[in-house]
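K.L.:
Please find one structure pasted underneath; my questions will follow.
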Amino acid sequence: MGAINVDSMFWSVFLGLTFCFMFWRVARKSSTEKPTKFQAAIEIIVEMVDASVKDTFHGTSRLIAPLGLTVFVWVFLMNVMDLVPVDWIPELAKLAGIEYMKVVPTTDVNVTFGMSIAVFILILIYTHKAKGPTALIQDLMLHPIAPSFKGPAIIAAPFIMAFNLVLELVALFAKPLSLSLRLFGNMFAGELIFILIAVMFSGNLFVAAMGGIAHLGWAIFHLLIVTLQAFIFMMLTVVYLSLASEKH
């Protein structure tokens with residue numbers, strides 16, 4: 001953790017630019033009279049994300065819906081690279097003199113941690129914006145047990161605040177940690193299963209054909225995981241920012 005892997009960075013940036021190009025092209029050539037199938041698919045995604053954000057985010061921000069859309073589609077595109085046969089792109093890279101190539105950015109814990117840290121920074125920004133400069137300190141030290149500053153109970157107030165601080169710091173840092181490890185763990189496990197199937201069913205033509213069927217079955221099931229993990233990452237991002245924006 002903490003390394004910059006060029007292959008992961010390349011595919012992350014490439015898929016991010018692909019996302020921007022696709023949506024720019026649809027927006028530029030959109031038509032209400034004769035919409036294309038691709039335009040209809042993009043509109044379904046936009047409406048789904050918009051409805052999810054409206055139901056989840058209880059603050060007022062023009063950033064959340066575009067952020068949710070970007071997170072969902074970008075993570076989905078990175079996840080869907082897991083459906084590309086594991087040896088195709090690495091073997092082509094070897095022909096070009098590149099000995100190692102990771103084509104699924106979300107199976108790199110550095111990428112998932114990078115995205116979760118960005119979400120964590122946004123949580124701090126939205127907390128400061130919605131509740132003021134001292135809001136984070138108050139949230140950390142005055143919850144979940146409210147200390148009393150009146151009478152003899154004031155003696156116990158510092159101990160309660162210290163106890164609250166420990167609990168809330170764990171909860172605060174658990175958000176980016178769980179956000180990143182959930183995505184990384186699911187995608188890395190899926191990639192390992194593809195590799196195991198390829199290793200187990202390598203051999204004669206009949207065994208290879210059985211391996212192809214196994215690959216197809218896992219790919220169909222994994223497509224659900226790919227989509228679900230992108231949706232979960234997007235929804236948790238919106239939920240965390242909604243909690244940060246609530247003033248009560």
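K.L.:
Ala118 - would you say it is surrounded by fewer than 17 Cβ atoms within 10 Å (Cβ to Cβ), over 12 Å from Trp11 (Cα atoms), in contact with a Phe, Trp or Tyr (Cβ under 9 Å, 6 or more places away or on another chain) and not basic (Lys, Arg)? Give the derivation first.
P.N.:
On the way: surrounded by fewer than 17 Cβ atoms within 10 Å (Cβ to Cβ): yes; over 12 Å from Trp11 (Cα atoms): yes; in contact with a Phe, Trp or Tyr (Cβ under 9 Å, 6 or more places away or on another chain): no; not basic (Lys, Arg): yes.
Here the answer is no, as Ala118 does not meet what is asked.
K.L.:
So, one more: Here is a check on your reading of the model: is Thr56 farther than 17 Å from Gln229 by Cα, modelled with pLDDT of 85 or more, surrounded by fewer than 17 Cβ atoms within 10 Å (Cβ to Cβ) and among the hydroxyl-bearing types (Ser, Thr, Tyr)?
P.N.:
Considered against the rule, which asks whether it is farther than 17 Å from Gln229 by Cα, modelled with pLDDT of 85 or more, surrounded by fewer than 17 Cβ atoms within 10 Å (Cβ to Cβ) and among the hydroxyl-bearing types (Ser, Thr, Tyr), Thr56 comes out as no.
K.L.:
If you don't mind, another one. Applying the selection to the stretch 121-152, what residues are surrounded by 13 or more Cβ atoms within 10 Å (Cβ to Cβ) and of a type in the set (Phe, Trp, Tyr)?
P.N.:
The one that is surrounded by 13 or more Cβ atoms within 10 Å (Cβ to Cβ) and of a type in the set (Phe, Trp, Tyr): Tyr126.
K.L.:
Select from the stretch 210-236 the residues that are touching a Gly at 6+ places or on another chain (Cβ under 7 Å) and either crowded, with 17+ Cβ neighbours inside 10 Å or under 16 Å from Ile195 (Cα atoms) (or both) and list them in ascending order. Talk me through it step by step, then tell me what you get.
P.N.:
As a first pass, look at the stretch 210-236 and keep what is touching a Gly at 6+ places or on another chain (Cβ under 7 Å): 222, 225, 234.
If the condition is that a residue be touching a Gly at 6+ places or on another chain (Cβ under 7 Å) and either crowded, with 17+ Cβ neighbours inside 10 Å or under 16 Å from Ile195 (Cα atoms) (or both), then His222, Met234 are the ones that fit.
K.L.:
Please count how many residues of the stretch 177-207 are loosely packed, with under 14 Cβ neighbours inside 10 Å and at pLDDT below 85.
P.N.:
11
K.L.:
When the residues of the stretch 18-40 are filtered to those that are open to solvent by 40 Å² or more (accessible area, probe 1.4 Å) and under 17 Å from Asn79 (Cβ atoms), which remaining residue is nearest to the chain's Cα centre (by Cα)?
P.N.:
Thr18
K.L.:
Scan the stretch 72-91 residue by residue and report those that are hydrophobic (A, V, I, L, M, F, W, C) and at pLDDT 85 or above.
P.N.:
Initial filter on the stretch 72-91 (hydrophobic (A, V, I, L, M, F, W, C)): 72-78, 80-81, 83-84, 86, 88-89.
Listed by number, the residues that qualify are Phe72, Val73, Trp74, Val75, Phe76, Leu77, Met78, Val80, Met81.
K.L.:
Moving on. One residue is enough: does the stretch 82-89 have a residue meeting the conditions part of a helix (DSSP H, G or I) and open to solvent by less than 50 Å² (accessible area, probe 1.4 Å)?
P.N.:
The answer is yes, given that some residue of the stretch 82-89 is part of a helix (DSSP H, G or I) and open to solvent by less than 50 Å² (accessible area, probe 1.4 Å).
The values are calculated or read from the model by the stated rules, or taken from the named source; none is laboratory data. Predicted, not measured: the structure shown is a model, and the values here were computed from it. Ideal geometry is used to build each Cβ from the backbone, glycine not excepted, and the neighbour counts take in all protein chains shown. To get the accessible areas, we keep the full protein, side chains included, count just its heavy atoms, and leave off ligands, DNA and RNA. Shrake-Rupley method; radii C 1.70, N 1.55, O 1.52, S 1.80 Å.
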